[in-house]
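Take a look at the structure set out below.
The values are calculated or read from the model by the stated rules, or taken from the named source; none is laboratory data. Just so you know, these numbers come straight off a predicted model, no measurement behind them. Cβ sites come from the backbone with ideal geometry, for glycine too, and all protein chains shown count toward neighbours.
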Amino acid sequence: MESVLPKRNETTTALNNSRSVSRAEFVYSRLREEISQQSLRPGDRLREVEVSDRLEVSRTPVREALKRLEAEGLIETNSARGLCVTTLSPARVMELYAMRELLAGAAARFAATQASAFEVQSMQHMVERMALAQTAEEAAEGNRRLHMAIVDAAHNAYLTSAFNVLSNALILLGKTTYLEPGRMQSGLEENRAIVDAIASHDPAAAEKAAREHIYNAGQVRLQIMFATQLK
């Protein structure tokens, strides 16, 4: 009877492919975190061989990770310098927030009619936890979790996909806007208004509150960028 077990060379190839995937995931996660934490800053060059040496992996998983980051828009090809961490101009930041405003508004509108009682209660608890935040980073993480919960409660797969793409771009922006004086409190009040409207099953009010929240965040972000450029 012919054996159905994979041949030795087939097994070896499968194992090598598995290791390559796991290493590529490691490299991807590591570089993504470094971009998020701004250890790698916008404009920084990413050389395949240097990343390979620094992370002590072969160049194949590095190449795969870089392709994935480029597909997500986190790195880009510069004709003069090769692969670099993506730099967002003020104009591109305005475009990013304009789209995020539209999606956040749509998510809140859908959630106002689609969210379950449990989802609404979870969002209300998230807002109350945000009120207890002691640092800007805690408030920012609470804000991120809340808006993902609103998107999930919209129950629209296409909206979720589009929102995730924009969320990737946000990590290029650096430090949270909640570090700006007064932004933690105003952001909390804005988020509470969104959730109150969702809980009241008021789609128009939910959309309006969500769009105002993102618009205000975008204005603060632009102020930070312009202030940084003037230094």
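Being in contact with a strand residue (DSSP E or B) (Cβ under 8 Å, 6 or more places away or on another chain) and buried (at least 16 other Cβ atoms within 10 Å of the Cβ) is the filter; apply it to segment 43-74 and report the residue that is nearest to residue 23 (Cα to Cα). The extreme case among them is 66.
From the list 133, 139, 153, exactly one residue is more than 24 Å from residue 174 (Cβ to Cβ) and either within 18 Å of the chain's Cα centre (by Cα) or modelled with pLDDT of 95 or more (or both). Which is it?
On the way: 133 fails: more than 24 Å from residue 174 (Cβ to Cβ); 139 fails: more than 24 Å from residue 174 (Cβ to Cβ).
From the options 133, 139, 153, the qualifying one is 153.
Residue 110 meets all of the listed conditions (1) over 14 Å from the mean Cα position of the chain (by Cα); (2) over 21 Å from residue 190 (Cα atoms); (3) not aliphatic (A, V, I, L, M) but one, namely (2). Just one residue in the set 195, 151 is β-branched (Val, Ile, Thr), in a helix (DSSP H, G or I), under 21 Å from residue 118 (Cα atoms) and in contact with a Phe, Trp or Tyr (Cβ under 6 Å, 6 or more places away or on another chain); that residue is 151.
Evaluate the following for residue 204: is it outside any helix (DSSP H, G or I), in contact (Cβ under 8 Å) with a residue 24 or more places away in the chain and of a type in the set (Gly, Ala, Ser)?
Working: outside any helix (DSSP H, G or I): no; in contact (Cβ under 8 Å) with a residue 24 or more places away in the chain: yes; of a type in the set (Gly, Ala, Ser): yes.
The answer is no for residue 204.
Going by the structure shown, is residue 185 out of contact with any helix residue (DSSP H, G or I) (no Cβ under 8 Å at 6 or more places or on another chain), within 14 Å of residue 100 (Cβ to Cβ) and not assigned by TED's automatic domain parsing to the domain that holds residue 32? For residue 185, the condition - out of contact with any helix residue (DSSP H, G or I) (no Cβ under 8 Å at 6 or more places or on another chain), within 14 Å of residue 100 (Cβ to Cβ) and not assigned by TED's automatic domain parsing to the domain that holds residue 32 - is not met. Being touching a residue at least 12 places away in the same chain (Cβ under 8 Å), not assigned by TED's automatic domain parsing to the domain that holds residue 76 and not in a helix (DSSP H, G or I) holds for only one residue in 217, 133, 209, and it is 133. Flag not set for residue 147, criterion: touching a helix residue (DSSP H, G or I) at 6+ places or on another chain (Cβ under 8 Å) and on the phi > 0 side of the Ramachandran plot. For residue 35, work out the one condition from (1) at pLDDT below 95; (2) assigned by TED's automatic domain parsing to the domain that holds residue 207; (3) of a type in the set (A, V, I, L, M) it doesn't fulfil. Of (1) at pLDDT below 95; (2) assigned by TED's automatic domain parsing to the domain that holds residue 207; (3) of a type in the set (A, V, I, L, M), only one is false for residue 35: (2).
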